[in-house]
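J.: Got a structure here, written out as structure tokens. Questions coming.
The values are calculated or read from the model by the stated rules, or taken from the named source; none is laboratory data. Every value quoted in this text rests on a predicted model; they were computed, and no experiment measured them. Because the Cβ atoms are built from the backbone with ideal geometry, glycine has one as well, and the counts that use them run over all protein chains shown. Note: accessible area is taken over every heavy atom of the protein model, side chains too, but ligands, DNA and RNA are not part of it. Shrake-Rupley method; radii C 1.70, N 1.55, O 1.52, S 1.80 Å.
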Amino acid sequence: LLMQGEFNQHERSATIKIIFLVGATLLVVLYFHELMAVLYKLYAIIFPLILGAAIAYIVNILVSGYEKIYFPNCKNVYITSSRRGVSILLSVLTIFLVVLFFLWIVIPQVGETIRILAAGFPGFYNNGVEWAKEHADQIPGMEQKLQDFSMDGEAVLRRGLTLLGNWAFGTVSLIGAFFGKMVSLVVALVFSLYTLFGKEELKGNMSRILTAYMRPESRERFYSDLKVADETFSNYIVGQFKEAVILGILCTIGMWLLGFPYAATIGPVIGLTALIPMIGAYLGAAVGFFLIVMIDPLKAGLFIIFIVILQQLEGNLIYPKVVGESIGLPGIWVLAAITVGGGLMGIAGILLGVPIAATIYKLLARAVEARVG
């Protein structure tokens, strides 16, 4: 009878869980749009905290490195008590100097680039229209459309500047949106600093929660999976930054040796866009091509050939050595991760898709290996 009662209680508990699951599923299906609206608002509220946690995770890679070299074996109370603060300060200073160096290289070129583009665009545009008119007879209907299109290069430039001004200072103000993002960034930075200073306390609290609500074997498996994810993400971040720096330096030196214009601008831009795996350098190359073609179309074509050769060198030699071992993800899945991540979360999804996919890939491979033996 006792066993019968325990079985009935277990059966009732399972039935209640099934009913609850079915009811929750029906609510999600019936009120899907309302639920998504609530989730979007919740995401917008907690986004600065999520961003702050991501910043803290990235900065913590530098902090951990500095802590290992800041008198690691010293027992002096002043040294040990200041190790965390000094390491965080050095990490923030390192990032600030890197950003300042990048801006110091790029910003002086931006004004000159805009001036050259504004001065050269009308002529470039008019030449393009004239060339199209000369060859319009080869395309049905093109000649009539070109005759109806009466704006010259200067008119197109003025129209573009007017539209840009209306967009930036209109009802949906670009400046207002910029300051809104800046507020979120400040909140994220403050939250990241609190996280870095109190990471041991946060880790201890999380450990106590897991100890209270998870069985020992489940907790150990969770810690093991978390370790795999942490190693994959940290190695991926470090590898991507190393690869971006190497690619940016090689591009700058190569353009300088070959006599391409804007070497000091395009090289760092390609290095920065290389943080986006696989397709990033080509985005930077598109910017470089647009700048060079305004001055010398022939050199712009040679620049594309140079970038293709550099990308082959990077893809077959640099990337496998610097990043490949840390990812452990086949190329086809890297492309799939970028595509799916970009579709779901935009730029953030492109950046995070690869390490997330690599983590899932490693965990799945380990689980399959454990079952197959």
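J.: Can you tell me which of Ile276, Ile292, Ile246 is within 20 Å of the chain's Cα centre (by Cα), of a type in the set (A, V, I, L, M, F, W, C) and part of a helix (DSSP H, G or I)?
T.: Testing whether each residue is within 20 Å of the chain's Cα centre (by Cα), of a type in the set (A, V, I, L, M, F, W, C) and part of a helix (DSSP H, G or I) leaves just Ile246.
J.: Further question: Output yes when any residue across region 181-202 is assigned to a helix (DSSP H, G or I), among the small types (Gly, Ala, Ser), open to solvent by less than 40 Å² (accessible area, probe 1.4 Å) and at pLDDT below 85, and no when none is.
T.: Checking region 181-202: at least one residue is assigned to a helix (DSSP H, G or I), among the small types (Gly, Ala, Ser), open to solvent by less than 40 Å² (accessible area, probe 1.4 Å) and at pLDDT below 85.
J.: Just need a number here: residues in region 305-332 that are surrounded by fewer than 17 Cβ atoms within 10 Å (Cβ to Cβ) and modelled with pLDDT of 75 or more.
T.: So the count comes out to 5.
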